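In what follows, a single structure is set out as structure tokens and then discussed.
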Amino acid sequence: MTGSSRPSGPHTIRLVCAVAAAGALLTGCGSDSAGSTAQPEKNAVPSRAVPASAPASPSAGLTMDQIKRKALIPAAKVGYEQALRAAVAAAPKVAAAPKSEPIAAELKGTPTSPYWETAVAASDGTVHSVRVDAVSGRVTQSFTESDDAYDKKRLAARLAKATVTAQQAAQTATEKTKGTVSSLELGDADNGNDKVAWSVDVVTTDDWYKTTYEIDATNRKVLHMDVDRD
């Protein structure tokens, strides 16, 4: 007698359904982990590269006068001493007063065209203005000032009193403040008393300040000192 298959009961049907459901769950989980690609969040903020800070300007914190000195002083390859020697050599000789002495020099112009404006005086008070290129040292202009008799007489008296030269006055100033001489001039002392004095400007190249010295033209004593921080 052949055995007949046993009809599936409720228990068997429930078991098959549970196994099928479990298989579907496992298949779904495997698909999410292996085949899906992560998507960015809708509200995520995209990253941005932060630009590097711009380097500080070399002239930051300097005044306009300091900026001008910083540009002009290094451009002058010829110092005041060489400029004065060129000026004395270029000044015309006066028969009555053959000896000429430098009485002023000032660095002027632009960084691309610096020059020294100098003045040379004969012992009779005649003044010659001489412009000297601050790069080549060549004289580019020379002429005699048309001063009146009174001004010439005053200058002659000043020259007779002065025993300190321009170079000695500049040396005294730079011994006090290490820097570059940008201007010097012989004149009357500010405090009066009929004194003759040199005014000397020295520029310090670490901060581009200008220090002005008033130096007695008879004994090289410092009469006054002022620092221009502008």
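The sole residue among Lys99, Lys178, Lys152 that is out of contact with any Asp or Glu (no Cβ under 7 Å at 6 or more places or on another chain), more than 21 Å from Ala86 (Cβ to Cβ) and of a type outside the set (A, V, I, L, M) is Lys178. Taken over the range 61-75, the criterion of being surrounded by fewer than 17 Cβ atoms within 10 Å (Cβ to Cβ) and of a type in the set (Lys, Arg) is satisfied by Lys68 alone.
Scanning the range 186-200 for residues that are farther than 16 Å from Ser123 by Cα and part of a strand (DSSP E or B) yields Asp188, Ala197, Trp198, Ser199, Val200. Exactly one condition in (1) closer than 18 Å to Ala119 by Cβ; (2) surrounded by fewer than 20 Cβ atoms within 10 Å (Cβ to Cβ); (3) among the charged types (D, E, K, R) is false for Asp201; which is it? So Asp201 meets the others, but not (2).
So is Gln171 within 16 Å of Ala104 (Cα to Cα) and without any contact (Cβ under 8 Å) to a residue 12 or more places away in the chain or not? In short, yes.
Read the figures in this text as sums done on the coordinates, not as results from a lab. Quantities reported herein were computed from a predicted structural model and do not represent experimental measurements. Cβ: placed from backbone, ideal geometry, glycine included. Neighbour counts: every protein chain shown.
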